[in-house]
Amino acid sequence: MPGLSDATRGRILYGGDHNPEQWPEETWHEDVRLMRQAGVNTVTLGVFSWAKLEPRPGERDFGWLDRIMDLMGEAGIGVVLATPTASPPPWMGHLHPDTLPRDEEGRTEWWGGRQHFSHSSATYRRYAAAITEDLAARYAGHPALTMWHINNEYCTYDWGDEAAARFRDWLRDRHGTLDALNTAWGTAFWSQGYGDWAEVMPPRHPHYLKNPTQVLDFKRFTSDMLLECYAAERDIVRRHSPHLPVTTNFMPLWAGQDAWRWAEEEDVVSVDLYPDPRDPFGAQEGALVQDMTRSQARGPWMLMEQAAGAVNWRGVNHPKPHGLNRLWSLQAVARGADAVCYFQWRQSRQGAEKFHSGMVSHAGEQGRTYQEVTRLGADLARIAPHVTGTHSTARIAVLHDWHSWWAGDQEARPSHEVDHPGMLRAWHRALWQAHLTTDFAHPEHDLSAYPLVVVPQLYLLTDTAVDNLLAYAHGGGTLVCGFLTGIADEDDRVRPGGMDARLRDLFGIRTLHEWWPLDAGETVTCEGFRGTLWSEELDADGTADATTPYKGGELDGLPAVLRKGRAWYVSTLPEPEALRDLLTRIATGAGVRPVLDGLPDQVEAVRRGDLLFLLNHGREPVAVDLPGTHRDLLTGTDVTDRVTLGRHGAAVLRP
Ligand code: GLA
């Protein structure tokens, strides 16, 4: 199978989405000049070009795409060619209303925006396959083409009639019989028993709470339907160009796709990443998504989109201060990216994204954005030969599973202050602040390579996942689990005793009596630290080696943290510093050290291959002590014993 290295060929891919159809052709030549000057070596074409390529049903206009592909080829700029299927032309919805999705209240999602397609629509799929077929046949052998990009940020749901029919088919495959479906969904509750498949619906707007397993299965179904759409187009382009890798761009930590499953179907895993420049934890948000993407890719991955400056979709859209674009781009490379790309090359003058930055902003060549983009292009070219194809290594795995997210984050749960991504962020943040590099893993993955496995929260665990965690722990691994883990089985049925019995046994818990969720801002005192969000009334069974008790209040004296052998259970969310310290202690006990000792708080350190990346997330310059002499690949100079990083500065050091 081809992979990312077939497209990078030793370079870090650098460029972005390019929408030449928004510009007169004179601008195309100016674009090429500016791209070359900035070190751009890749562009993604065609993402939203369907109406231009197929102006009327079945007609084709490839002339403009031929010209821009040739122009890129002559300039030595590779093309990632997208299938345009994320935004069907207006004629499609007009002629075929069945291609338009419906929301849960039955309202149509109309054309005029984008992504107004029903994943279940046979008509949509037929048109999508036809344009993909013609695009692939025409450009498969084009010398500029380096990779295929299918659709864009698959993210649509559909509660409409055709989707309902497909949902029933999907449920038949999953459950076999209506009796099995009734059992899995627990339809004895509230008189929901189904007597005929025709009665089964997507979870449309009800009078009161929805059936949670119906919702869970609908999310599984949606992810699978979108994956079918992706795979159908992927198979077409692969048939025409088996030598070229195929990707589709994920949204970061997006609820709608089981990205573990999807990543198995891609040659290149790519992601779009837009942390808020004002967010004090923007860098950690980036690190989390990068760690997750690298883990899905099991190696180098592609940063498909980021913003060179401001986005346009937050309440207030802040630009990136000087140096931040470079810093966050180098962070992605440190954490395994072999491609640093943007939405988009040239900022639009019209349309809904005209206030979204581009590599070339409205200010043009003299603008700060383009100037910084040009500097970064030179930096990436300098480090590329030492970086591409190498791996960032981590000895800690954080477990995450979309199915658990889908089951756990529904209505009518014990606390809406607690959610799956919030728990992932909190635990990853503690590890990030402790300078401990992490991979992510699925709870059924082989975990044996990791001395430490951290489970922020896995509300739903399959029997196989429980077996896997137990095998890991009994095999000598150190396992730390946060609360609300192992509560439900794969049909979202609460486990007897309120938490999986084998896990309770692993941690030394006899009875989990009650959950005591906390209000926002409320804390609970534990010996040595304070807990937030959650607390639990549980009895130990006397087999734990150590317990840390709650102090005062209803839970006084009951265990807040239990350790039995190498298995830890944490029944609250310790305040950030306390969680960082706890995880540092546990990691040390498992033989896992921070990347460097004594690092200033604002400096992130990551090892990739034999390189050490140092990234200053602070606005003040900072010095890092580092014994010995290293070559800074960014400056080409040697540094001995101490590295000074300017505001948002970075060093890429080789021993
Ligand atoms: C997403 C899309 C792009 C663009 C950007 C704006 O990532 O893929 O087309 O809309 O958002 O941030």
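The values are calculated or read from the model by the stated rules, or taken from the named source; none is laboratory data. The structure displayed is predicted, hence computed values, not measured ones. In this analysis, Cβ positions are derived from the backbone assuming ideal geometry, glycine residues included, and neighbour counts consider all displayed protein chains. Remember, those area values only see protein heavy atoms, side chains included, never the ligands or the DNA or RNA. Shrake-Rupley method; radii C 1.70, N 1.55, O 1.52, S 1.80 Å.
A few points about this structure:
- In segment 390-482, the GluC sites (Glu not before Pro) that fall in loop regions by DSSP, at most 15 other Cβ within 10 Å: Glu411
- Cα gyration tensor category, rounded, prolate or oblate, for segment 396-589 with a/c compared to 1.5: rounded
- Proximal charge balance of Asn325 [Cβ under 12 Å; K/R count +1, D/E count -1]: +2
- Candidate aspartates and glutamates for bridging to Lys320, where Cα separation is under 14 Å - those fewer than 8 sequence places away on the same chain excluded: Asp276, Asp279, Glu372
- Dipole magnitude of the chain, debye to nearest 20 (Cβ charges: Lys/Arg +1, Asp/Glu -1, about Cα centre): 1740
- Using the Cβ-Cβ distance between Met1 and Thr27 with R0 set to 35 Å, the FRET efficiency from 1/(1 + (r/R0)^6) comes to roughly 0.40.
- For the chain, the relative contact order is 11 percent, taking Cα pairs closer than 8 Å that sit 6 or more residues apart in sequence and dividing their mean separation by the residue count.
- Convex hull volume of the C-alpha atoms in the chain, normalised per residue: 157 Å³.
- Surface analysis of segment 15-145 yields an accessible area of 39 Å² per residue, using protein heavy atoms and a 1.4 Å probe.
- Label-point separation in nm, Arg138 to His243, each point 7 Å along Cα→Cβ: 2.2
- Taking amide H positions as modeled 1.01 Å from N, with prolines and chain starts lacking one, the residues under 5 Å from Ala540 and 5 or more places away or on another chain are Arg510.
- With the convex hull constructed from alpha-carbon coordinates only, segment 141-278 shows a mean projected area of 11.9 nm² over all directions.
- When the solvent-accessible area of segment 350-447 is split by element, carbon and sulfur atoms take up 49 percent of it, the probe being 1.4 Å.
- Farthest positive-ward along the chain dipole, Cα basis, beta-carbon charges - from Thr478, Leu460, Trp148: Trp148
- Computed as a quarter of the hull surface, the mean projected area of the alpha carbon convex hull for segment 361-474 stands at 11.8 nm².
- Segment 396-589 - accessible surface per residue (Å², probe 1.4 Å): 37
- Counting protein heavy atoms only, segment 603-654 has 46 percent of its accessible area on carbon and sulfur, 1.4 angstrom probe.
- Positive-pole candidate from Thr213, Ala255, Val333, dipole of segment 194-351, charges at beta carbon: Val333
- Projected label distance in nm at Arg204 and Glu228, using a 7 Å step from Cα toward the beta-carbon: 2.0
- Segment 284-378 - accessible surface per residue (Å², probe 1.4 Å): 31
- Three semi-axes of the equivalent ellipsoid, segment 603-654, Cα gyration tensor, whole Å, largest first: 16, 12, 10
- Computed extension length for Gln37-Asp173: 43.5 nm, one decimal, from 0.36 nm per residue of separation with the Cα-Cα distance subtracted.
- Segment 404-441: chymotrypsin sites (Phe, Trp or Tyr not before Pro) in DSSP coil with no more than 16 other Cβ atoms inside 10 Å: none
- Entry for segment 279-374 at q = 0.12, 0.24 Å⁻¹: log10 I(q)/I(0) = -0.39, -1.26, Debye formula applied to identical alpha-carbon scatterers, no solvent contribution.
- Residue-count net charge about Tyr230 - beta-carbon cut-off 9 Å; Lys, Arg +1, Asp, Glu -1: -3
- For segment 636-655, the residues whose amide N sits under 12 Å from a probe point set 7 Å from the Cα of Thr390 along the beta carbon direction are 652-655.
- Rounded percent of accessible protein surface that carbon and sulfur make up, segment 476-570, 1.4 Å probe: 46
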